[in-house]
Amino acid sequence: MSGNLGAGDLYKARMKLPAIQGVIERRLLVNFRGDPEVVARLLPRPFEPVLVDGYAIVGICLIRLSGMRPAMMPVRCGVRSEN
């Protein structure tokens with residue numbers, strides 16, 4: 001073995017994240033229909049709107065997380081986030 005890391009090895013090394021623990025206290029998903037041309041202008045490439053009966057599907061997800069922390073830390077060290 002040469003000891004050199006390939007691109008795939010570097011990708012895997014960068015993607016190693018610590019285990020996170022917490023609680024989903026609340027989540028709300030709201031979907032509605034929108035004008036496909038307007039939605040298409042708002043989406044970054046390469047994304048395209050999903051159409052149903054000629055309308056784009058648009059969604060908003062609201063979530064509250066609590067006790068978010070590395071898995072080895074106690075709950076009192078966790079943080080709360082609402083997005």
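Scanning the stretch 44-61 for residues being surrounded by 13 or more Cβ atoms within 10 Å (Cβ to Cβ) and under 25 Å from Asn83 (Cα atoms) gives a total of 4.
Pairs are defined by a Cβ separation below 8 Å, a sequence spacing of at least 6 or placement on different chains, a first member in the stretch 70-83 that is closer than 23 Å to Arg27 by Cβ, and a second member that is part of a loop (DSSP other than H, G, I, E, B); the pairs so defined are Pro70/Pro18; Pro70/Ala19; Ala71/Pro18; Ala71/Ala19. In the stretch 54-66, the residues that are under 20 Å from Leu43 (Cβ atoms) form Cβ pairs under 6 Å with partners that are of a type in the set (Val, Ile, Thr) and open to solvent by 50 Å² or more (accessible area, probe 1.4 Å), at six or more places apart or across chains, as follows: Ile57/Val50; Ile60/Val30.
Of everything listed in (1) at pLDDT 90 or above; (2) surrounded by fewer than 10 Cβ atoms within 10 Å (Cβ to Cβ), the single unmet condition for Lys16 is (1).
The values are calculated or read from the model by the stated rules, or taken from the named source; none is laboratory data. Keep in mind it's a predicted model, so treat the numbers as computed, not measured. Glycine also receives a Cβ, built like all others from the backbone with ideal geometry; neighbour counts cover every protein chain displayed. What goes into the accessible areas is simple: the full protein's heavy atoms, side chains included, and nothing from ligands, DNA or RNA. Shrake-Rupley method; radii C 1.70, N 1.55, O 1.52, S 1.80 Å.
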